[in-house]
Amino acid sequence: MRPGLISTLAISGLAFLVSDPAVSAEFSFEGLRNGPIAEARFRLHGEIEQGDVQRLDATLQSSGITHAQDPWRKIVVSLDSPGGSYHEGLDLALAFRRRGLATVVRSSDQCLSACAIAFLGGTTLPKDPNPVSDDDPLPGQLPDRSLEPKAVLGFHPPYLVLPNDEYNASVVADAYRSAVLGISRLVEIADRLYVVPAELPKLLAPTKDELFVVDDVDSIRVLGIDYEERSYQMRNKPGITRSMIVNGCVNRYYHLKRRSSMAGFSVAKATIDEFVEGSRLLENGEDKVAFGTHSFRRGSIKTWVAYLPVAKTEDGKNFVWCLFEPGPSDLKTYYKAAGSIEELFASFEGKGDLTTLSTAPNMISLTTGDWIYDMVRDIDLVPPDTKLSDVATVLDRYFASEKVLNWKTN
């Protein structure tokens with residue numbers, strides 16, 4: 001069985017049509033939560049069925065909760081569902097976005113198939129607290145969807161289960177059209193759900209008996225999901241290691257574009273090999289320092305940035321260099337086009353302050369538009385196929401086996 005896939009033979013509620021449906025979805029208001037970010041909490045539990053958007057609206061209305069009451073308070077819907085109607089899942093995704101509702105799958109809950117599609121509609125607070133009707137264009141706010149530890153989020157393509165295996169050519173043709181329509185609708189709105197359409201095949205590739213489970217670093221970042229596990233604090237560590245820097249550089253280069261970084265590491269290796277070979281031909285000595293550090297300062301504090309080439313520019317004329325800024329509370333990656341290490345740092349000579357990085361010539365601007373999501377976290381410092389539950393173990397292994405580069409000086 002392929003990595004990231006689990007059997008769904010025992011999971012019900014994944015089909016368009018079922019003869020004996022599981023418990024239909026119930027919406028409930030769980031109350032208000034105060035804190036650094038105030039929340040009004042709602043819950044969806046059970047199988048997703050036609051009419052759930054109307055049931056959602058009825059629950060919102062009966063609760064009396066609106067964005068207009070408090071434009072800074074998040075309205076969050078937690079999802080716990082085995083799946084159900086794929087089309088209704090898409091409708092819920094659109095409803096969450098139009099109504100400015102965030103989504104979350106809490107610890108020990110599961111959100112599968114149609115539920116996972118609905119989950120993608122989770123969004124940040126609306127720019128306008130007035131409700132957006134279903135006839136208006138989709139609003140453009142950023143996604144807000146999160147996953148707690150031990151929660152299960154699994155994607156599945158639409159498929160048909162016929163009651164008692166009774167079917168004819170007309171039924172099969174209708175089912176086929178319904179499945180194609182479901183997929184085409186998802187492709188059509190994917191970019192408005194902040195999913196790059198090119199990444200959709202992995203969500204639709206599993207077979208009838210499998211799920212694509214979001215349980216590794218790459219899938220979390222590609223889908224713009226906030227993973228709510230923050231017990232591992234890099235600021236409590238003495239520094240950072242080379243492997244962590246390389247992982248952070250490559251992962252962020254692709255994930256800031258919401259693209260998978262799985263293939264990015266082989267691209268980075270080939271890029272470094274090309275740089276080393278070229279440097280040897282030029283006999284400039286840079287072949288020995290394809291990965292290195294360069295002294296900088298932040299105000300009065302002496303520090304450094306690490307550098308390495310991770311890709312080639314689109315025209316193939318230059319290397320894309322990652323500049324990794326250390327900091328126990330604020331790790332950063334920058335990307336700059338340059339043909340050599342000398343050229344990479346030429347524009348910084350005589351300045352040497354990290355504040356010049358963001359405005360330097362040939363900097364490549366990469367951002368999701370969400371400064372919180374753009375921040376480098378511990379999950380970015382491990383290989384992309386690392387299971388979320390193994391991140392701390394992998395980081396501790398690096399600390400135990402590699403030289404630790406101090407935060408302030410190298």
For the structure I just gave you, tell me whether Ala93 is in contact with a Leu (Cβ under 8 Å, 6 or more places away or on another chain), in contact (Cβ under 8 Å) with a residue 60 or more places away in the chain and either buried (at least 21 other Cβ atoms within 10 Å of the Cβ) or in a loop (DSSP other than H, G, I, E, B) (or both). yes
Since Lys302 meets every condition but one in (1) of a type outside the set (Phe, Trp, Tyr); (2) under 24 Å from Leu381 (Cα atoms); (3) surrounded by 17 or more Cβ atoms within 10 Å (Cβ to Cβ), which condition does it not meet? (3)
Does at least one position in segment 65-84 carry a residue that is part of a helix (DSSP H, G or I) and in contact with a Leu (Cβ under 7 Å, 6 or more places away or on another chain)? no
Looking only at residues that are assigned to a loop (DSSP other than H, G, I, E, B) and over 17 Å from Gly84 (Cβ atoms) in segment 22-57, which one is modelled with the highest pLDDT? Ala38
Among the numbered criteria (1) closer than 16 Å to Arg97 by Cβ; (2) of a type in the set (Val, Ile, Thr); (3) without any contact (Cβ under 8 Å) to a residue 24 or more places away in the chain, which single criterion is violated by Thr207? (1)
Looking at Ser329 and the list (1) loosely packed, with under 15 Cβ neighbours inside 10 Å; (2) closer than 26 Å to Phe265 by Cβ, which single condition is not satisfied? (2)
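Condition check ((1) of a type in the set (Asp, Glu); (2) touching a strand residue (DSSP E or B) at 6+ places or on another chain (Cβ under 8 Å); (3) free of Cβ contacts under 8 Å to residues at least 12 places away in the same chain) across all residues:
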| residue | (1), (2), (3) |
| --- | --- |
| Asp216 | yes, yes, no |
| Ile225 | no, yes, no |
| Tyr232 | no, no, no |
| Gly239 | no, yes, no |
| Met262 | no, no, no |
| Glu277 | yes, no, yes |
| Gly292 | no, yes, no |
Check on Leu153, in contact with a helix residue (DSSP H, G or I) (Cβ under 7 Å, 6 or more places away or on another chain) and either at pLDDT 90 or above or among the hydroxyl-bearing types (Ser, Thr, Tyr) (or both): yes
Of the conditions (1) crowded, with 16+ Cβ neighbours inside 10 Å; (2) hydrophobic (A, V, I, L, M, F, W, C); (3) within 23 Å of Val222 (Cβ to Cβ), Met375 satisfies every one except a single condition; which number is it? (1)
Specify which of the listed residues (Ala346, Ala338, Ala311) is small (Gly, Ala, Ser), in the same structural domain as Glu274 (by TED's automatic domain parsing) and exposed (fewer than 14 other Cβ atoms within 10 Å of the Cβ). Ala346
Any helices (runs of 4 or more DSSP H) falling wholly within segment 184-258 and containing at least 1 residues that are under 21 Å from Pro383 (Cα atoms) and either outside the structural domain of Gly122 (by TED's automatic domain parsing) or modelled with pLDDT of 90 or more (or both): 217-222, 242-255
Candidate set from segment 250-267 (those that are in contact with a helix residue (DSSP H, G or I) (Cβ under 8 Å, 6 or more places away or on another chain) and either charged (D, E, K, R) or within 16 Å of Leu344 (Cβ to Cβ) (or both)); member that is surrounded by the fewest Cβ atoms within 10 Å (Cβ to Cβ): Arg259
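Per-residue answers, yes or no, for (1) more than 28 Å from the chain's Cα centre (by Cα); (2) within 20 Å of Ile364 (Cβ to Cβ); (3) not small (Gly, Ala, Ser):
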{"position": "Asn284", "(1), (2), (3)": "yes, no, yes"}
{"position": "Ile301", "(1), (2), (3)": "yes, no, yes"}
{"position": "Val310", "(1), (2), (3)": "no, yes, yes"}
{"position": "Lys317", "(1), (2), (3)": "yes, yes, yes"}
{"position": "Cys322", "(1), (2), (3)": "no, yes, yes"}
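The values are calculated or read from the model by the stated rules, or taken from the named source; none is laboratory data. Values in this document were obtained by computation on a predicted structure and should not be read as measured data. Cβ: placed from backbone, ideal geometry, glycine included. Neighbour counts: every protein chain shown.
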